[in-house]
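Novice: A single structure is presented below for examination.
The values are calculated or read from the model by the stated rules, or taken from the named source; none is laboratory data. Small disclaimer: the values here were computed from a predicted structure and weren't measured. Methodologically, a virtual Cβ is constructed for each residue, glycine included, from the backbone with ideal geometry; neighbour enumeration extends over all protein chains shown.
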Amino acid sequence: MARPLAQRGSAYMRAEQLVDLLTPHLDPGITLSVRPFHALLMPPIAMRAVARSIPRGSLCIFVKSAAKHLTRAHLAPLRKREITVAQDVIDMKLRHVRPELFDLLIAASLRGQRALRDLCADKGLSCPVELLHHHFDPRLLSVPLPERHAFSCGYIGRADNAMIPEAIRDAVQQIDITTVEDFERALPRIGQFALHYGVRPGSQTAHGVERGYKPFTKGFTAAACNANILVNRDVDDAAELLGSDYPFLTDPTPESITETFRLAQDSYGGPIWAEALERMDAMRATVEPAALARQLAEIVNRAAPLR
């Protein structure tokens, strides 16, 4: 895997962190490694040495913005060694994705996969688009989960990414996270909430080439904490992974959000709440390391004929 030089956010999670998580679950015939890469610092002629350091016939995945400024000249030495070239798009805006450069694309969400397939079709390309779900941060596994005798709700993330109506604002504890250090400091608190808040402003779920399709990381985080989530029904992959009848899906209006929040509050500890937790647990199973390792192994195997 080639990752951006900066080790932060989803680019880090889909490179070093993913390699560490998946390696114990992969067949010994599949080995993973990560290299920092920036095309502007790597002239095409220097790619010959890089290509020689990669085993012939490998799959080379450029993670997110590591593909920025790539040219066909950069990739030519890799292809001479029968190396399949892919991009892990994650949540990049569609207008920045250049499928014509790659043998395949990798999406981190179901909706992202569909959007990338449509993008390729619109460009008249037959580039395959694979799916590798995102994972939750493994540091959450060390977070103690207290007995929750009472309902509690928390929002974890950047304040401008949340839509919290005034009627429930005092009932939603907000943990502002903008950096990796913020997340590390917040870890002891993340496991305390029975309900994670994930409602985004409606504009963040619009469609088109000016947007990126995000993995349902907030949902995976809540599932890792044995919590439910209150989230827009049209947030990427929420309905696909939890079911369109998951009880705490809402529309991005103050009235709908408040009504759904009250439902979660009133149903806490009851059958509606318990069934919702079962949905969350089933979703978590799809992003456990062993499941993701199987997904990646299938991608590697399907990529073999492309070489």
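Novice: Being in a loop (DSSP other than H, G, I, E, B) and charged (D, E, K, R) is the filter here; which residues of segment 64-82 pass it? Lay out the reasoning, then the answer.
Specialist: Initial filter on segment 64-82 (in a loop (DSSP other than H, G, I, E, B)): 68-71, 81-82.
Correct list: Lys68, Arg81, Glu82.
Residue-by-condition table, conditions (1) under 22 Å from Glu166 (Cα atoms); (2) touching a residue at least 40 places away in the same chain (Cβ under 8 Å); (3) not assigned by TED's automatic domain parsing to the domain that holds Leu21:
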| position | (1), (2), (3) |
| --- | --- |
| Phe183 | no, yes, yes |
| Pro188 | no, yes, yes |
| Pro215 | no, yes, yes |
| Gly219 | no, yes, yes |
| Ser244 | no, no, yes |
| Ile257 | yes, yes, yes |
| Asp281 | no, yes, yes |
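Novice: Mind telling me which of the residues Glu181, Glu100, Glu166, Glu147 ends up being surrounded by fewer than 20 Cβ atoms within 10 Å (Cβ to Cβ) and within 26 Å of Ala304 (Cβ to Cβ)?
Specialist: Numbers: Glu181 fails: within 26 Å of Ala304 (Cβ to Cβ); Glu166 fails: within 26 Å of Ala304 (Cβ to Cβ); Glu147 fails: within 26 Å of Ala304 (Cβ to Cβ).
On inspection, the qualifying residue turns out to be Glu100.
Novice: How many of the residues making up segment 245-279 are outside any helix (DSSP H, G or I) and aromatic (Phe, Trp, Tyr)? Walk me through it before giving the result.
Specialist: Keep residues of segment 245-279 that are outside any helix (DSSP H, G or I), which gives 245-253, 268-270.
From what's left, aromatic (Phe, Trp, Tyr): 246, 248, 268.
Of the residues in that region, 3 qualify.
Novice: Now, a different point. Just the residues that are of a type outside the set (Phe, Trp, Tyr), assigned to a loop (DSSP other than H, G, I, E, B) and at pLDDT 90 or above, please, taken from segment 138-157.
Specialist: Start the filter on segment 138-157 by keeping residues that are of a type outside the set (Phe, Trp, Tyr), which leaves 138-150, 152-154, 156-157.
If we keep only those that are assigned to a loop (DSSP other than H, G, I, E, B) as well, we get 143-150, 152.
Passing the criteria: Ala150, Ser152.
Novice: Can you find, within segment 150-163, the residue that is farthest from Asp176 (Cα to Cα) among those that are surrounded by 16 or more Cβ atoms within 10 Å (Cβ to Cβ) and in contact with a strand residue (DSSP E or B) (Cβ under 6 Å, 6 or more places away or on another chain)? It would help to see each step written out before you state the result.
Specialist: Step one: filter segment 150-163 for residues surrounded by 16 or more Cβ atoms within 10 Å (Cβ to Cβ), giving 151-157, 162-163.
Then drop every residue that is not in contact with a strand residue (DSSP E or B) (Cβ under 6 Å, 6 or more places away or on another chain), which leaves 153-156, 162.
On the way: Cys153: 14, Gly154: 10, Tyr155: 8, Ile156: 6, Ala162: 10 Å.
Applying the filter and picking the extreme gives Cys153.
Novice: Consider segment 76-95. How many of its residues are touching a helix residue (DSSP H, G or I) at 6+ places or on another chain (Cβ under 8 Å), farther than 14 Å from His134 by Cβ and not β-branched (Val, Ile, Thr)? Even if it seems obvious, please write down each step before you answer.
Specialist: Step one: list which residues in segment 76-95 are touching a helix residue (DSSP H, G or I) at 6+ places or on another chain (Cβ under 8 Å), which gives 76-78, 80-81, 83-92, 94.
In the following step, the residues that additionally are farther than 14 Å from His134 by Cβ were identified as 76-78, 80-81, 83-87, 94.
Remaining after also requiring not β-branched (Val, Ile, Thr): 76-78, 80-81, 86-87, 94.
Of the residues in segment 76-95, 8 are touching a helix residue (DSSP H, G or I) at 6+ places or on another chain (Cβ under 8 Å), farther than 14 Å from His134 by Cβ and not β-branched (Val, Ile, Thr).
Listed here are the residues, each with its yes/no results for (1) of a type outside the set (Lys, Arg); (2) more than 18 Å from Arg114 (Cα to Cα); (3) more than 18 Å from the chain's Cα centre (by Cα).
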{"residue": "Arg211", "(1), (2), (3)": "no, no, no"}
{"residue": "Ala224", "(1), (2), (3)": "yes, yes, no"}
{"residue": "Leu249", "(1), (2), (3)": "yes, yes, yes"}
{"residue": "Ser267", "(1), (2), (3)": "yes, yes, yes"}
{"residue": "Met280", "(1), (2), (3)": "yes, yes, no"}
{"residue": "Arg284", "(1), (2), (3)": "no, yes, no"}
{"residue": "Pro289", "(1), (2), (3)": "yes, yes, no"}
{"residue": "Asn301", "(1), (2), (3)": "yes, yes, yes"}
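Novice: Shifting gears a bit: Under the condition of being hydrophobic (A, V, I, L, M, F, W, C) and part of a loop (DSSP other than H, G, I, E, B), which residue from segment 33-51 is surrounded by the most Cβ atoms within 10 Å (Cβ to Cβ)?
Specialist: Restricting attention to segment 33-51, the residues satisfying the condition of being hydrophobic (A, V, I, L, M, F, W, C) are 34, 37, 39-42, 45-47, 49-51.
So of that shortlist, the ones also part of a loop (DSSP other than H, G, I, E, B) come out as 34, 37, 42.
On the way: Val34: 19, Phe37: 23, Met42: 16.
The residue in question is Phe37.
Novice: Among the numbered conditions (1) touching an Asp or Glu at 6+ places or on another chain (Cβ under 7 Å); (2) among the polar types (S, T, N, Q); (3) under 22 Å from Pro215 (Cα atoms), tell me where Thr84 comes up short.
Specialist: All conditions pass for Thr84, except number (3).
Novice: Go through (1) at negative phi; (2) modelled with pLDDT under 95; (3) out of contact with any Pro (no Cβ under 9 Å at 6 or more places or on another chain); (4) surrounded by fewer than 14 Cβ atoms within 10 Å (Cβ to Cβ) one by one and return the number of the condition Gly202 breaks.
Specialist: (3)
Novice: So Val89 fits all but one of (1) in a helix (DSSP H, G or I); (2) within 15 Å of the chain's Cα centre (by Cα); (3) not polar (S, T, N, Q); what number is the exception?
Specialist: With (1) in a helix (DSSP H, G or I); (2) within 15 Å of the chain's Cα centre (by Cα); (3) not polar (S, T, N, Q) applied to Val89, the lone miss is (1).
Novice: Among the residues of segment 254-307 satisfying the criterion of being out of contact with any helix residue (DSSP H, G or I) (no Cβ under 6 Å at 6 or more places or on another chain) and hydroxyl-bearing (Ser, Thr, Tyr), which is surrounded by the fewest Cβ atoms within 10 Å (Cβ to Cβ)?
Specialist: Thr286
Novice: Still on this structure, I have one more. Across segment 95-132, what is the total count of residues that are out of contact with any strand residue (DSSP E or B) (no Cβ under 9 Å at 6 or more places or on another chain) and touching a residue at least 12 places away in the same chain (Cβ under 8 Å)?
Specialist: Step one: of segment 95-132, the residues out of contact with any strand residue (DSSP E or B) (no Cβ under 9 Å at 6 or more places or on another chain) are 95, 100, 111, 118, 121-126.
Now drop any that are not touching a residue at least 12 places away in the same chain (Cβ under 8 Å), which leaves 95, 100, 111, 123, 125.
Qualifying residue count for the region: 5.
Novice: Quick one: which residue in Ile61, Ile54 is part of a loop (DSSP other than H, G, I, E, B) and of a type in the set (A, V, I, L, M)? Write out each step before concluding.
Specialist: Values: Ile61 fails: part of a loop (DSSP other than H, G, I, E, B).
Testing whether each residue is part of a loop (DSSP other than H, G, I, E, B) and of a type in the set (A, V, I, L, M) leaves just Ile54.
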